[in-house]
Amino acid sequence: MFGLVKFIHLINCIIFNIVIILILTKKLPLKRMVRKSKIIFWIILISNIFSATLQFFCLINLDSNIWYHLGADCLGIIGQSTLLIGVVWMKLIAEPSPRPMKILAIGAHPDDIEIACGGSIAKLCDAGHTIVGLIVSGGECGGNSSSRRIEAMKGAEFLGINKVEMMDFPDTRLDNFVLEISKQIETVVNELKPDIVFTHSVHDIHQDHRAVHYATVRACRNLSTILCYESPSITQKFQPNVFVNIEQYIDVKIESIREHEDQNKKSYVQPEQVYGKAIFRGTQAKLKQAEGFEAIRINLPI
Ligand SMILES: [Zn+2]
């Protein structure tokens with residue numbers, strides 16, 4: 001009898017330790033696939049750590065108080081149930097699109113796409129569209145160039161972007177290379193033939209952002225849908241007239257921005273600022289949380 005109880009505690013202890021390791025190594029893609037992932041992540045982690053510890057205690061000390069056995073089992077049930085609820089019931093499911101599109105997202109710096117339109121991009125990826133990211137500079141003036149490039153890849157991968165191309169134009173001096181940038185964008189456009197292009201707005205005080213805007217508009221002169229996104233450096237003239245509901249994707253957006261650890265001290269990457277902006281744009285759009293865009297032109301698929 002005692003042998004069986006010991007065996008059950010041993011199996012439980014092993015299972016809970018495996019769950020802890022999987023959670024910590026992000027093998028369970030909670031942060032990308034599940035709503036409210038942060039809360040769920042901590043409930044699973046804490047309950048499994050305590051449960052595994054108690055299971056181990058009961059394993060080596062079978063005469064321990066019945067409450068230890070009960071506590072170990074209850075915490076285990078909470079941890080495993082939360083995992084199940086998170087993965088099954090709170091899984092992010094975007095409507096699969098009946099007409100998959102090709103989308104090009106262009107940013108001057110490694111974190112621009114995530115900060116400005118990360119929610120929309122993640123939603124489009126989940127709906128089955130093909131997304132290509134284009135980053136014009138390595139952002140060497142705003143941080144460590146090599147880590148920023150790696151983080152750009154991690155952020156894009158987190159959102160689900162299919163392919164990222166990094167150009168090598170000099171950070172903060174893109175306004176001297178508008179024509180060259182435009183030609184490189186045009187090469188990608190001719191190859192991809194995107195249905196939608198996301199780029200910077202002209203209503204932006206950052207010279208690099210404006211340069212990328214002009215380069216994009218020139219390179220995409222024959223395309224029918226160009227949407228300009230909202231960077232932290234937009235001016236008050238930025239007036240969005242197209243909105244994307246990101247209520248389900250705000251957590252994903254925040255986590256994708258977190259991949260840019262090199263920039264994590266900047267005020268505009270803090271979660272409360274990202275939330276605040278999403279709620280503000282959501283209010284304008286009669287939604288809970290949204291991302292806003294200025295349309296250069298838009299082809300309504302009707
Ligand atoms: Zn930027």
Length-normalised contact order of the chain in % [C-alpha pairs under 8 Å, at least 6 apart]: 17
HN-Hα J in Hz across region 173-189 - Karplus 6.51, -1.76, 1.60, θ = phi - 60°, x for Gly and Pro: 10, 5, 5, 8, 10, 4, 5, 5, 4, 4, 5, 5, 5, 4, 4, 5, 4
Region 2-88: relative contact order as a whole-number percent, Cα under 8 Å and 6+ apart: 37
Taking region 190-257 and dividing mean pair separation by its residue count, relative contact order in percent (alpha carbons under 8 Å, at least six apart): 35
Debye, to nearest 20: dipole size of region 147-302, +1 on Lys, Arg Cβ, -1 on Asp, Glu Cβ: 420
Using alpha-carbon coordinates, inclination of helix 207-219 to the longest axis of the chain, degrees: 70
Charge dipole (debye, nearest 20) of region 2-88; +1 at Cβ of Lys and Arg, -1 at Cβ of Asp and Glu: 660
For region 2-88: rounded, prolate or oblate by the Cα gyration tensor [a/c cutoff 1.5]: prolate
Helix-only CD estimate at 222 nm, as mean residue ellipticity for the chain, using -39500 (n - 2.57) per DSSP H run (n ≥ 4): -17000 deg cm²/dmol
Largest to smallest principal axis extent of the C-alpha atoms in the chain, angstrom: 79, 43, 35
Listed residues ILE23, GLN207, SER64: farthest to the positive end of the dipole of the chain (Cβ charges): SER64
Out-of-range pairs (alpha-carbon distance over 30 Å; input LYS123/LYS265; LYS38/LYS163; LYS193/LYS286): LYS193/LYS286
Fewest-first ranking of LEU83, LEU223, LEU124, LEU159, using other Cβ atoms within 10 Å as the exposure measure: LEU223, LEU83, LEU124, LEU159
Approximate spin-label separation LEU92-GLN236, in nm, with each point projected 7 Å along Cα-to-Cβ: 3.4
Prolate/oblate/rounded call for region 123-217, Cα gyration tensor, a/c under 1.5 rounded: oblate
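A short reminder: the numbers here are calculations on the coordinates, not readings from a lab. Source: prediction; values computed, not measured. Every residue, glycine among them, receives a Cβ derived from its backbone with ideal geometry; neighbour counts consider all protein chains shown.
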